[in-house]
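A quick write-up on the structure given underneath.
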Amino acid sequence: MKEIAIDVNGLTKSFDGRTVVRDLSLEVPKGEIYGFLGPNGSGKTTTLRMLCGLLTPDSGEGTCLGYDIRIEADAIKRNVGYMTQRFSLYADLSIRENLEFVARVYGMPDPKGAASRAIARLGLTGRQDQLAGELSGGWKQRLALGACILPEPRLLLLDEPTAGVDPKARREFWDEIHGLAAEGITVLVSTHYMDEAERCHELAYIAFGELLAQGTAKEVVAQSGLSTWIVSGGDLHRLGAALQVRDGIDMVAPFGAELHVSGRDEAALDAAIKAAKNADGAHRWTRGAPSLEDVFILLMDEAKDNFA
Amino acid sequence: MMAASCQYSAGERRDPGFFRRMWAMVVKEFVQMRRDRMTFATMIIVPIMQLVLFGYAINTDPKQLPTAVLTRDDGPLTRAVLAAMKNTDYFDFRVQVRDPEELDRLVRSGEVQFAVEIPASFERDVRRGDRPSLLVIADATDPVATGTAVSALQGLIDTALRRELRGPDDTIAKTEAPFAITLQNRYNPEGITQYNIVPGLLGVVLTMTMMMFTALAVTREIERGTMESLLAMPIKPVEIMIGKIAPFVLVGFVQMTIILGAAHILFDVPIMGSVWLLVVLATLFAAANLAVGYTFSTLAENQLQAVQMTFFFFLPNILLSGFMFPFRGMPEWAQVIGELLPLTHFLRIVRGITLKGIGFADMQVDVLALVLFMLLAMGLALVRFRRTLD
Ligand SMILES: Nc1ncnc2c1ncn2[C@@H]1O[C@H](COP(=O)(O)OP(=O)(O)O)[C@@H](O)[C@H]1O
Ligand SMILES: [Mg+2]
């Protein structure tokens, strides 16, 4: 049996009477990269904060690294590295000073040495005296990750670590995360980039505080029961609007120069497409596989109808 | 929708003019002002507070000053003298003592402002025309507090004692004054205002700067977002608090060295007592104010609120502590509030050590008050410190 790093059940949290996370259960195996996806405001940050003791759940229970999230926050904090969504190192301290501070707070025996090793690992040796606030977005994120892994945590909670970072830096960031996972560290990483979802071993999708899907990327797509047609040609915007209202079509989403037309009921979708194709000869219609993004957009639309 | 976008098409966009742009700013400022409750409260409360404090509490002509009396002669003349003093409204005979040492102690510790000693066989000497002397000791640390009372003493013999001395001894009354009043202005005999103000400044400067430093401590971390990381690390609130206060104790130490040095060199303020005791207690006072500032920091929602809170706290400290105006000149309620402020107690300590040369024994109450104050502030800060982001 796989060892479980995070095992929580029925987490619920509300602010001012508004439920932000509802009855959320999560099981993250040790050593995996677990993606936590969802649109803005869906409750990702709130969930991560509950996991590391920064927020108290209204109800629900569970363990993080075997420690009870409700009563063993101190033990969790010693073993978990939490990277906040907003840069939260000291902008007016240098790179080295920030890292030494972290090392001291975690009671590491040789803070200076630990900081030096982290700086070398980050490839920042020449810039260690630069103020953290002066770094570019990508470097800030790398430094923040460096600070998180400095005290050698067993679990990393990363909150949208690549938001606003350029593609090259993002790729390097993910390479680093895979390296860490290979060392046996569990990583729970939230993101709203769909392409990053494919880089995770497993993922969970949350919208409006509700966990809507969970599993590997393949499983999530399969579970959705979605079928998709891909349309290309001119004036897709107008075509999309026309397709949207047809029975059997649950979702129309533009992808660059293509239109993804999807439905839950394969037969109904095919019938609808057939009718549309007959009425319109100007486009190319091909049967395709639904992408994760198609699935997520559909899940979110459905969830919106239920909760919003 | 279409019409609107046409109206604002690039070519036709008109200059809205000075008034409209300014008005846009005015509207925005009002909206923001209304959102910020604390600023709103400041706008209302500060003027009221100042009005009340200045209007009711401040009195530069303090009356009813606590006075100790040692009577070695108990005749009708003694009683008449004391009654006359009481009638001036300046002296309030609160303590009756039996020996001069006790009289000295009361003045030294600041428990009384004046002490009166009626010599033995006072009455007999007066009637014999020996012109005895009646001793009035004034604690002149604060010349303002004693000034008017002392001048009231001058006319005392003439006006009030005429009646008592009339009759068979009429002749005495008609000639020069039948007895003298020896006034002893202690601790600041020349009535130099700086001697009172400059040591007090040590307390005022420490209050203001120390509180400012820590008032921003927690709110700044919250506003900059660093608190979220900090709270996710294995560090405890008490460790954060002491870690944030300790560096500023050192700053306070530097400040106090500068002020004491300047007081001595520039203003010739004497330091009669132990410099080391003063340094230790000033450090305690600095720590108490740092704790207050830190408490504000845990109560405030943002840095502006924290600064406003320190201002709220600073105002009564300046006005009601006896720094600017005589403590004893204030009405009872103002004195009660004053007793609750750390500066009040520190002023007694610092003036006591510099001008009176008193030791620890004479200021235990004030030291205890500072310690209690600090512990209370720290306790409140720890209770109020939010360990989570809930
Ligand atoms: N401290 C808070 N007080 C009130 N509302 C909050 C607080 N934190 C988050 N929320 C609200 O909860 C919802 C979920 O927020 P969050 O967990 O940050 O979502 P995500 O990280 O997925 O973007 C949002 O609508 C947000 O406004
Ligand atoms: Mg978030």
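The values are calculated or read from the model by the stated rules, or taken from the named source; none is laboratory data. This structure is a prediction, so every number in the text was calculated from the model and none was measured. Heads up, the Cβs are rebuilt from the backbone with ideal geometry, glycines too, and the neighbour counts pull from every protein chain shown. Ligands, DNA and RNA are excluded from the accessible area calculation, which covers all protein heavy atoms including side chains. Shrake-Rupley method; radii C 1.70, N 1.55, O 1.52, S 1.80 Å.
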P(r) histogram, all alpha-carbon pairs of segment A:157-298 included - 10 Å bins from 0, percent: 10, 35, 28, 19, 7, 1
For segment B:193-389, one quarter of the surface area of the C-alpha convex hull, expressed in nm², comes to 11.2
In whole Hz, the Karplus estimates of ³J(HN,Hα) for segment A:49-65 (6.51, -1.76, 1.60; θ = phi - 60°; x where Gly or Pro) are 5, 5, 5, 9, x, 7, 10, 9, x, 5, 8, x, 7, x, 10, 10, 6
Taking the chain alone as reference and the full protein assembly as comparison, with a 1.4 Å probe on protein heavy atoms only, the residues of segment B:349-390 that lose at least 30 Å² of accessible area are B:387, B:388, B:389, B:390
Once you've got the GNM for chain B with C-alpha springs shorter than 10 Å, pick whichever of B:350, B:69, B:292 has the biggest mean-square fluctuation. B:69
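Give me the accessible area per residue for segment B:193-389, probe 1.4 Å, as a whole number in Å².
Working: 7890 Å² over 197 residues.
Normalised by residue count, the accessible surface of segment B:193-389 is 40 Å².
Determine the shape class of segment B:224-331: with a ≥ b ≥ c the square roots of the Cα gyration tensor eigenvalues, call it rounded for a/c under 1.5, and otherwise prolate if a/b is greater than b/c, oblate otherwise.
Details: a/c = 2.82, a/b = 1.59, b/c = 1.77.
Because a/c hits 1.5 or more and a/b fails to exceed b/c, segment B:224-331 counts as oblate.
Nearest 100 Å², what total accessible surface is buried between chain A and chain B (probe 1.4 Å)?
1800
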Give the Rg (one decimal place) followed by the Dmax (whole number) of segment B:59-104, computed from C-alpha coordinates and expressed in Å. 11.7, 36
Reachable lysines from residue A:304, criterion Cα separation under 26 angstrom, eight or more residues apart if same chain: A:13, A:44, A:218
Whole-angstrom gap from segment B:18-41 to segment B:91-110, using each part's C-alpha centre: 60
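Take every DSSP beta bridge with both residues inside segment A:4-221 and express the antiparallel ones as a percent of the total, to the nearest 5.
55
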Order A:126-139, A:21-34 from most to least packed using the mean count of other Cβ atoms within 10 Å. A:21-34, A:126-139
Step through the residues of segment B:293-302 one at a time and calculate ³J(HN,Hα) from phi using the Karplus curve (6.51 cos²θ - 1.76 cosθ + 1.60, θ = phi - 60°), rounding each to whole Hz and writing x for Gly and Pro. x, 5, 4, 4, 4, 7, 8, 6, 8, 8
For residue A:213, other-chain or 5+-apart residues with amide H closer than 5 Å (H placed, Pro excluded) are A:205
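Share of segment A:226-289's accessible area from carbon and sulfur, percent, 1.4 Å?
Values: 1790 of 3460 Å².
So the carbon and sulfur contribution to the accessible surface is 52 percent.
Accessible area per residue for segment B:1-155 in Å², computed with a 1.4 Å probe and the full protein assembly in place, what is it? Walk me through the numbers before you get to the answer.
On the way: 9330 Å² over 155 residues.
Each residue of segment B:1-155 exposes 60 Å² on average to a 1.4 Å probe.
Run through segment B:22-124 and list the trypsin sites (Lys or Arg not before Pro) located in a DSSP loop whose Cβ has at most 11 other Cβ atoms within 10 Å. Walk me through the intermediate numbers first.
Details: sites: B:28, B:34, B:35, B:37, B:63, B:72, B:79, B:86, B:94, B:98, B:105, B:108, B:124; in loops: B:63, B:72, B:98.
Sparse-neighbourhood loop trypsin sites (Lys or Arg not before Pro): B:98.
Antiparallel as a % of all DSSP beta bridges within chain B, to the nearest 5? If you can, show how the numbers build up before the last one.
On the way: 4 of 21 bridges.
Taking every DSSP beta bridge with both residues in chain B, the antiparallel ones total about 20 percent.
Could you please state how large a percent of the accessible area of segment A:4-221 is carbon and sulfur, counting protein chains only and using a 1.4 Å probe?
Values: 4140 of 8770 Å².
So the carbon and sulfur contribution to the accessible surface is 47 percent.
Rounded, prolate or oblate: which fits segment B:35-76 when a ≥ b ≥ c are the square roots of the eigenvalues of the alpha-carbon gyration tensor, with rounded for a/c under 1.5 and prolate only if a/b beats b/c?
Working: a/c = 8.94, a/b = 4.92, b/c = 1.82.
Taking the square roots of the gyration eigenvalues as a ≥ b ≥ c, segment B:35-76 is prolate.
Based on Cβ point charges of +1 for Lys and Arg and -1 for Asp and Glu, what charge dipole magnitude is obtained for segment A:89-248 about its Cα centre, in debye rounded to the nearest 20?
Using only the charged Cβ atoms, the result is roughly 240 debye.
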Within straight cross-link reach of residue B:236, meaning Cα distance under 21 Å, which lysines are found once same-chain residues fewer than 8 apart are removed? A:77, B:244
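Carbon and sulfur together cover what percent of the accessible area of chain B at a 1.4 Å probe radius? Provide the component values of the computation, followed by the final result.
Details: 12390 of 19620 Å².
So the carbon and sulfur contribution to the accessible surface is 63 percent.
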Can you tell which of B:38, B:309, B:211 shows the greatest fluctuation in a Gaussian network model of chain B with Cα springs below 10 Å? B:38
For segment A:115-227, dividing by residue count, accessible area per residue (probe 1.4 Å) in Å² works out to 41
Compactness check, segment A:84-141: C-alpha Rg relative to the 2.2 N^0.38 Å globular estimate gives 1.06
At 222 nm, what helix-only mean residue ellipticity would chain B give, in deg cm²/dmol to the nearest 500, using -39500 (n - 2.57) for each DSSP H run of four or more? -20000 deg cm²/dmol
Residue-wise HN-Hα coupling along segment B:28-33, computed from phi with Karplus coefficients 6.51, -1.76, 1.60 (Hz; x: Gly, Pro): 4, 4, 5, 4, 5, 4
Excluding ligands and nucleic acids, what accessible area in Å² is computed for residue B:48 using a 1.4 Å probe, to the nearest 10? 100
Once you keep just the Cα pairs under 8 angstrom separated by 6 or more residues, what percentage relative contact order results for segment A:242-281? 35
For chain B, with a Gaussian network of springs between Cα atoms less than 10 Å apart, report the residue from B:231, B:375, B:343 with the top mean-square fluctuation. B:231
Cα radius of gyration and Dmax for the protein assembly as shown (Å): 39.0, 140
Let me see the P(r) profile for segment B:29-125: every Cα-Cα distance counted, bins of 10 Å, each bin given as a percent of all pairs. 14, 28, 19, 11, 11, 9, 5, 2, 0
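If the viscosity is 1.567 mPa s and the temperature 4 °C, what Stokes-Einstein diffusion coefficient in µm²/s follows for chain A when Rh is the Kirkwood radius over Cα pairs? Kindly include the intermediate steps, with their values, before the conclusion.
Details: Rh = 21.2 Å.
D = 61 µm²/s.
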Dividing the mean separation of Cα pairs under 8 Å (6+ apart) by the residue count of chain B yields a relative contact order in percent of 19
Which value in Å does the Kirkwood hydrodynamic radius of chain B take, with 1/r averaged over all unlike C-alpha pairs and then inverted? 24.8
How crowded by other chains is A:75-86, given as the mean number of beta carbons from other chains within 10 Å of each beta carbon? 3
Report which residues of segment B:221-240 become buried by 40 Å² or more of accessible surface when going from the isolated chain to the complete set of protein chains (1.4 Å probe; DNA, RNA and ligands ignored). B:224, B:226, B:228, B:229, B:232, B:233, B:234
